[in-house]
Every structure is written in structure tokens, then in C-alpha cells.
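Trainee: Before I ask anything, let me first share the structure, which is written out below as C-alpha cells.
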Amino acid sequence: MSATVSIVIPAYNGKSHLEANLPPLLDATRGRSGLEVIVVDDGSADGTPEFLAGRFPQVTLIALGQNRGFAGACNAGAHGAKGELVYFLNSDARVREDFLDPVVQGFADPTVFAVGSREIPPGGNETLMLPVPFFRFGLFGHRYLETRVPAHAIPAYFVSAGHAAFAREKFVALGGFDELYRPFYWEDIDLCYRAWRRGWKVLLEPRSVVEHAGQGTIGRFYAPRRIQSIYWKNRFLFVWKNLRDRALMAEHLACLPLLLAGLPWVKGRAVLRGFAWALGQLSEALTKRRREAGRPAVSDRDILSMFASPA
């Protein structure tokens, strides 16, 4: 399949990451027609725009002027992109030379919404970490199943927004990443979940490899306790916005008092902080829930069962 591609890199005070990771990206895509590289500067204070203009003039810069968070920066990049496919890439991720072609090939199927690359730690192992969802004690979650690397793309519950391509037309139809989950976490799970619910496919392509250390940007600017609180905030918001199954919602409401009483003893006070922050966004979550009203093509239980026993 031949398709035009826009590679969108959200960056917040990420000059050092861009300096290290843009050269291998530009080398890997050199000579490819119908491709553009866009860096969205998310209100950086480290001189990222000036650095890019001087060092990488071939890269398109979108400067937001203020920090909008990960989802806002990605959406701004997708809005300014020209490609049929938009590949989002973290500034702290380094691509392998042949990362792009296998991803593009996945979109030969018109029902495919997203194709993600396989993430490995720098110099890391050659296994595949497959997210497996569950619904337990009234909350969605997922664990990672380490498997042998298959020879072809496989369906995935979600793909990471830090190294994945999306069909731009479908991405826009879903409204992009939901800024409800600001400043980060769960926006990619939410988007892929909504795509599955429409009957679109999300694939993980093991032949496309990206090295990523994890939290390379987040860990520099947010304390661990705050990161955990944001994670729990968005985990609650995901349920309140997306869950349609009445029995599962009843389970969530019944378990909620027990979760708030017991989880802090196991997971720390970040659970309570996250819940309080989620309550502050409850009205916003319910408004977005109403906007997406209607009978989904695929139910909550169908999505969960689809990935409950991965091959």
C-alpha cells in the first residue's frame, strides 16, 4: 500500500531528546515520497523552536505557545498534518531503520484504524509485550503478556500513542485524543477502545521496532506521586465516560466504596487524590459520554472477551 504519512512528534522541553532522536528518524525516512515530519512544541521553555529552525530546517514546526498536554499537542499536529496516515512518535523514542513500511502496509485493510510499533527498551530484548484487558472490582485495567514475536501484525486492545500510526480520517471522526485525560495517560486506550466499539481494527506490528526508555519526558517534570494520581484520575474517568454495559456499571458503583476504602492501603493515597481529581472532571466526562450516545457496533463485553485469551 502507498499512502502519504505525517510523522507528528509532540515535544515539551525536549530539545535534548530531539537532538538525539531526530537524526535516526530522518535517516530512516530519507527519500520517501509523500512524507512530512512535524514537531509540535507544547509551550517549551528550553529554546526548542529556535533549535529546530537552526538544526533541522526540513522539519515542520507547530508552536502552541502554551502547554496543552500530550493529547492537545497530538491533536494540533494531526490538524496541521497533510498525510493520509498520522504516525505519532514520542520525542524520547528512537526508531529502527525499517520501522515505517510494515506499519503502512497494515492499512491495506480499510477497516484498520491504527497500527502500532513494537516497543523495546534501548538495547533491549526481542520479545513482544501484548496488553491484555480486564474488568475487575468495577474498574478497567490491563496487564502485559510477554510473548514470542509473531511474524505478522496481530489485533491489540490498544497501541501506544508514543509510537503508532492512525488513519487520519477515522482519527478526526472520533475527535482525536480526548483532552479529558490531560495532561497524559489513558488517552490512547480511550481512543482505541472507541475505535473497537465502532468495529474498526487496532493492530500491533512486530516488524516495526521503536526503542523507548519510558517516562523519558514525564519523569523529568512530574513527581512519582503526581504521576500515580493522574493515572488513577484517568482510570476512573475512563469508566465514567465509556462503560455502557449496565451490569458492569452496577458492579462499578457497588465496588466503589470498597475500592476507596481498601485500595489506598495497597496502592497509596494516590488513589484517593486521583478519585478527587476525577470528581472535579465528572461533569466534563458525562457531557462527552452523552455526545457518544448510541448503540455501539461492538459491546463492552465483546471487547473484553476478544482479548481475554490471546493466542
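Trainee: With the alpha-carbon atoms as the only input, what is the per residue convex hull volume for the stretch 223-306 in Å³?
Mentor: 114 Å³
Trainee: Express the C-alpha Rg of the stretch 52-159 as a ratio against the empirical globular expectation 2.2 N^0.38 Å, rounded to two decimals.
Mentor: In units of the 2.2 N^0.38 Å rule of thumb, it is 1.30.
Trainee: Also: Going by amide H atoms built from the backbone, whose H comes under 5 Å of the H on Ala63, apart from near neighbours?
Mentor: Close amide H contacts, sequence-distant or interchain: Asp41.
Trainee: What's the lysine pair count for the chain at a Cα cut-off below 26 Å, pairs eight or more apart or interchain?
Mentor: Lysine pair count for the chain: 13.
Trainee: Counting only helical runs of four or more DSSP H residues, what would the 222 nm mean residue ellipticity of the chain come to if each run contributes -39,500 (n - 2.57) and the total is spread over all its residues?
Mentor: For the chain, the value works out to -12500 deg cm²/dmol.
Trainee: Could you tell me what fraction of 2.2 N^0.38 Å the Cα radius of gyration of the stretch 1-126 comes to, as a two-decimal ratio?
Mentor: So the stretch 1-126 has a normalised radius of gyration of 1.04.
Trainee: Work out how much length Ala63 to Val149 would gain on full extension: take 0.36 nm times their residue separation and subtract the Cα-Cα distance, in nm to one decimal. Walk me through the intermediate numbers first.
Mentor: Working: separation 86, 0.36 × 86 = 30.96 nm, distance 3.84 nm.
27.1 nm is the gain from fully extending Ala63 to Val149.
Trainee: Enter the per residue convex hull volume of the stretch 5-219, computed from alpha-carbon coordinates, in Å³ rounded to the nearest integer.
Mentor: Working: hull volume 26.1 nm³, N = 215.
In the stretch 5-219, the Cα convex hull volume per residue is 121 Å³.
Trainee: Compute the normalised compactness of the stretch 107-241: alpha-carbon radius of gyration over 2.2 N^0.38 Å, N being the residue count.
Mentor: 1.06
The numbers here are math on the coordinates, done by the rules we state, and not lab data. Everything numeric here is computed off the predicted structure, so don't read it as measured data.
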